[in-house]
């Protein structure tokens, strides 16, 4: 039954980036800056002997916290015949996928921080200082990368 005038509607439910690139292009830069800042801060703030141990620990912990959410990305893509790289690229191209978000921030504290603490706790005099330094620097680097990412890349539904 037709009740009146025709109304135009838009059913645009697809995300598209309004910038030339997606946040994925800044990933290598974000990794290098984050690792450098975290290693230097934790190393000097806690006066730890052995910068190699700190570097390896922070790198592995960051890798673990970064890979954790990537394991959840292929939920909408058939897993047969699709590589993880293809799934990640698809996700970043079709969704408002910023690298740093609330979930990523929480994973830093639930995955990365415990790894760094458990490995380095025997190398410091004050364990509470180590915990504080891990949380402070992760908070700072997460906010820094999020701010840069949200400022440089934006999109629309």
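Overview of results
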{"item": "Where labels lie 7 Å past Cα in the beta-carbon direction, separation of residue 105 and residue 152 in nm", "result": "2.0 nm"}
{"item": "Fewest-first sequence of 102, 59, 19 by Cβ atoms within 10 Å of each Cβ", "result": "102, 19, 59"}
{"item": "In nm, spacing of pseudo-spin labels at residue 85 and residue 56 (7 Å Cα→C-beta vector)", "result": "2.8 nm"}
{"item": "Computed lengthening from residue 44 to residue 123, 0.36 nm per intervening residue step minus Cα-Cα distance", "result": "27.2 nm"}
{"item": "Packing-based exposure ordering (other Cβ within 10 Å, fewest first) of 26, 64", "result": "64, 26"}
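Here, each number is a calculation from the coordinates, and none is a lab measurement. Note that this is a predicted model, so its numbers are computed, not measured. Cβ: placed from backbone, ideal geometry, glycine included. Neighbour counts: every protein chain shown.
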